[in-house]
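Here's the structure, in structure tokens; my notes come after.
The values are calculated or read from the model by the stated rules, or taken from the named source; none is laboratory data. As the structure is a computational prediction, the values presented were derived from the model and not from experiment. We place every Cβ from the backbone using ideal geometry, glycine too, and count neighbours over all the protein chains shown.
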Amino acid sequence: MTTETAIEPNHSACNVRVKGMTTEAIAKAVRERLLEVDGVRGVRMSITDQSARVEYEPSKLSPRLIGTLIGQMGYSITLRSMQRTM
């Protein structure tokens, strides 16, 4: 399971389950696509858990938008948790 870690001030992080992310190639494609988005500060993937942890700037992105981006690649997500710093 993805471990919670500290995030940078003024950033947020969400942990999502990415249904169908079963290979390294899929995880790499999702990660690379997310890192292209303005406001994404980091992405960690776990094929074992079919999950992603996305650190982002909440002034630019939201978990809903992150889900939409992943959905545009053909995968559905379930939000597992959120973390925010001030």
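A compact table of results
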{"quantity": "Index of the failed condition, residue 59 passing every other in (1) within 15 Å of residue 84 (Cβ to Cβ); (2) surrounded by fewer than 18 Cβ atoms within 10 Å (Cβ to Cβ); (3) modelled with pLDDT of 95 or more", "calculated": "(3)"}
{"quantity": "Of residues in the range 48-77 being part of a loop (DSSP other than H, G, I, E, B) and among the hydroxyl-bearing types (Ser, Thr, Tyr), the one nearest to the chain's Cα centre (by Cα)", "calculated": "62"}
{"quantity": "Residue in the range 29-43 that is of a type in the set (A, V, I, L, M), at negative phi, part of a loop (DSSP other than H, G, I, E, B) and modelled with pLDDT of 95 or more present", "calculated": "yes"}
{"quantity": "From 45, 82, residue being more than 10 Å from the chain's Cα centre (by Cα) and of a type outside the set (Val, Ile, Thr)", "calculated": "82"}
{"quantity": "Members of the range 35-55 found to be among the acidic types (Asp, Glu) and surrounded by fewer than 16 Cβ atoms within 10 Å (Cβ to Cβ), listed by number", "calculated": "36, 38, 49"}
{"quantity": "Checking residue 80 against (1) assigned to a strand (DSSP E or B); (2) modelled with pLDDT of 95 or more, the condition it does not meet", "calculated": "(2)"}
